[in-house]
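A.B. asks: Here it is, the structure in full.
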């Protein structure tokens with residue numbers, strides 16, 4: 001079984017990656033320190049991080065953002081910082097008077113093996129009016145994906161991975177890796 005290093009200190013991300021990749025890969029968490037640049041896109045953040053982590057290849061790193069329509073895409077690329085400073089309660093307070101609750105999550109997964117490959121996944125949905133559920137992490141208690149009644153925090157990890165931004169990006173990664181292995 002091939003080993004992949006997931007560069008994260010987030011055990012929630014590790015669980016999601018292992019859930020989808022464990023049949024094909026041995027995913028190991030590598031909580032390495034690296035400089036995360038401030039950039040306009042998640043793709044720029046991921047590519048820069050991978051460039052600084054070449055010695056640990058093969059590695060996977062991802063960056064995700066919650067983009068809220070009524071807040072003109074905020075917190076977007078600043079989602080981690082906003083989670084650390086405002087949290088879900090702060091976002092709900094910002095959204096208190098908003099009728100438009102539409103939002104989407106975007107995940108960019110970067111794979112560095114011999115070269116950098118980027119895979120993306122989006123999940124449309126909306127922001128609920130109060131936190132619901134105890135599972136997941138980050139903004140999961142306030143985000144309901146389109147077509148569902150439950151927040152990510154109310155879903156099992158298997159159900160979340162079926163529709164989530166990260167699950168979609170990981171499935172694109174899996175498809176790429178399976179194609180790469182068949183060429184060998």
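A.B. asks: Confirm whether residue 69 is touching a strand residue (DSSP E or B) at 6+ places or on another chain (Cβ under 8 Å), on the phi < 0 side of the Ramachandran plot and at pLDDT 90 or above. Talk me through it step by step, then tell me what you get.
C.D. replies: Details: touching a strand residue (DSSP E or B) at 6+ places or on another chain (Cβ under 8 Å): yes; on the phi < 0 side of the Ramachandran plot: yes; at pLDDT 90 or above: yes.
For residue 69, the condition - touching a strand residue (DSSP E or B) at 6+ places or on another chain (Cβ under 8 Å), on the phi < 0 side of the Ramachandran plot and at pLDDT 90 or above - is met.
Listed here are the residues, each with its yes/no results for (1) under 18 Å from residue 7 (Cα atoms); (2) free of Cβ contacts under 8 Å to residues at least 12 places away in the same chain.
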site: 85; (1), (2): no, yes
site: 100; (1), (2): no, no
site: 119; (1), (2): yes, no
site: 122; (1), (2): no, no
site: 132; (1), (2): no, no
site: 140; (1), (2): no, no
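A.B. asks: With the checklist (1) under 19 Å from the mean Cα position of the chain (by Cα); (2) surrounded by 14 or more Cβ atoms within 10 Å (Cβ to Cβ) in hand, flag the one item residue 132 doesn't pass.
C.D. replies: Every listed condition holds for residue 132 apart from (1).
A.B. asks: Give the residue that is surrounded by the most Cβ atoms within 10 Å (Cβ to Cβ), with candidates limited to residues of region 156-165 that are in contact with a helix residue (DSSP H, G or I) (Cβ under 8 Å, 6 or more places away or on another chain) and either under 28 Å from residue 99 (Cβ atoms) or modelled with pLDDT of 95 or more (or both). Steps first, answer last, please.
C.D. replies: Taking region 156-165 and keeping what is in contact with a helix residue (DSSP H, G or I) (Cβ under 8 Å, 6 or more places away or on another chain), we get 157-158, 160-161, 164.
In the following step, the residues that additionally are either under 28 Å from residue 99 (Cβ atoms) or modelled with pLDDT of 95 or more (or both) were identified as 160, 164.
On the way: 160: 24, 164: 26.
Looking at residues that are in contact with a helix residue (DSSP H, G or I) (Cβ under 8 Å, 6 or more places away or on another chain) and either under 28 Å from residue 99 (Cβ atoms) or modelled with pLDDT of 95 or more (or both), I get 164.
A.B. asks: Among the residues of region 29-39, is any closer than 27 Å to residue 147 by Cα and either in contact with a strand residue (DSSP E or B) (Cβ under 7 Å, 6 or more places away or on another chain) or buried (at least 21 other Cβ atoms within 10 Å of the Cβ) (or both)? Quick ask: steps written out before the conclusion?
C.D. replies: Step one: list which residues in region 29-39 are closer than 27 Å to residue 147 by Cα, which gives none.
No; the residues of region 29-39 include none that is closer than 27 Å to residue 147 by Cα and either in contact with a strand residue (DSSP E or B) (Cβ under 7 Å, 6 or more places away or on another chain) or buried (at least 21 other Cβ atoms within 10 Å of the Cβ) (or both).
A.B. asks: Just to check your reading of the model, which residue among 51, 36, 44 is assigned to a loop (DSSP other than H, G, I, E, B) and either in contact with a helix residue (DSSP H, G or I) (Cβ under 9 Å, 6 or more places away or on another chain) or at pLDDT 90 or above (or both)?
C.D. replies: Numbers: 51 fails: assigned to a loop (DSSP other than H, G, I, E, B); 44 fails: assigned to a loop (DSSP other than H, G, I, E, B).
Criteria check complete, one pass: 36.
Results for (1) within 28 Å of residue 85 (Cβ to Cβ); (2) surrounded by fewer than 17 Cβ atoms within 10 Å (Cβ to Cβ); (3) under 12 Å from the mean Cα position of the chain (by Cα), shown as yes or no for each residue.
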{"residue": "99", "(1), (2), (3)": "yes, yes, no"}
{"residue": "109", "(1), (2), (3)": "yes, no, yes"}
{"residue": "122", "(1), (2), (3)": "yes, yes, yes"}
{"residue": "138", "(1), (2), (3)": "yes, no, yes"}
{"residue": "145", "(1), (2), (3)": "yes, no, no"}
{"residue": "150", "(1), (2), (3)": "yes, yes, no"}
{"residue": "169", "(1), (2), (3)": "yes, no, yes"}
{"residue": "175", "(1), (2), (3)": "no, yes, no"}
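The values are calculated or read from the model by the stated rules, or taken from the named source; none is laboratory data. Quick caveat, the model's predicted, so the values are computed rather than measured. Virtual Cβ from ideal backbone geometry, glycine too; neighbours counted across all protein chains shown.
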